[in-house]
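Colleague: There's a structure below that I have some questions on.
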Amino acid sequence: MTLNTSQLTHNEPKEMLVTVHQLLLCPSISSACQAHLRLFAAQIVDNEFEFTACGIFHLDLSTLHSIVAVAATYNKILYQLKIT
């Protein structure tokens with residue numbers, strides 16, 4: 001649950017940046033509004049937001065994938081050692 005929320009939070013600025021750029025392409029937006037949108041887009045790009053575990057590793061879906069892969073490998077090794 002936490003990893004999924006972290007992944008969604010990490011992806012949200014990218015989606016928001018696409019929306020801001022789509023708004024900038026609209027010809028009916030005033031120059032003042034365009035300036036604010038450009039400033040907002042710069043802030044989105046400059047401020048990366050990620051959850052970490054004490055700064056050691058990032059918490060996202062790739063972390064979950066790694067944990068599951070390690071657990072499956074460990075179980076397979078234990079099973080193979082038990083057979084022999």
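Colleague: Scan around F51 for amide H atoms under 5 Å from its own, H built in the peptide plane at 1.01 Å from N, and keep only partners 5 or more places away or cross-chain.
Modeller: Excluding prolines and chain starts, which carry no amide H, the hits are L59.
Colleague: Only counting other Cβ atoms within 10 Å, I'd like I29, I77, I56 sorted with the fewest neighbours first. Before the final figure, lay out the partial values.
Modeller: Working: I29 13, I77 10, I56 6.
In order of increasing Cβ crowding within 10 Å: I56, I77, I29.
Colleague: Does anyone have the angle between helix 61-83 and the longest principal axis of the chain? Alpha-carbon axes, 0 to 90°, nearest 10?
Modeller: The answer is roughly 10 degrees.
Colleague: State, as an integer percentage, the relative contact order of the range 2-83 based on alpha-carbon contacts under 8 Å between residues 6 or more apart.
Modeller: The value is 39 percent.
Colleague: Return the calculated 222 nm mean residue ellipticity for the chain, to the nearest 500 deg cm²/dmol, obtained by summing -39500 (n - 2.57) across DSSP H runs with n ≥ 4 and dividing by the residue count.
Modeller: -25500 deg cm²/dmol
Colleague: Students often get this wrong, so try it: which of (i) 8.0; (ii) 5.1; (iii) 8.4 is mean projected area of the Cα convex hull in nm² as calculated from the structure shown?
Modeller: Correct label is (i).
Read-outs: derived from the displayed coordinates by stated rules, not from any lab. Quick caveat, the model's predicted, so the values are computed rather than measured. Note that we place each Cβ from the backbone using ideal geometry, even for glycine, and neighbour counts take in every protein chain shown.
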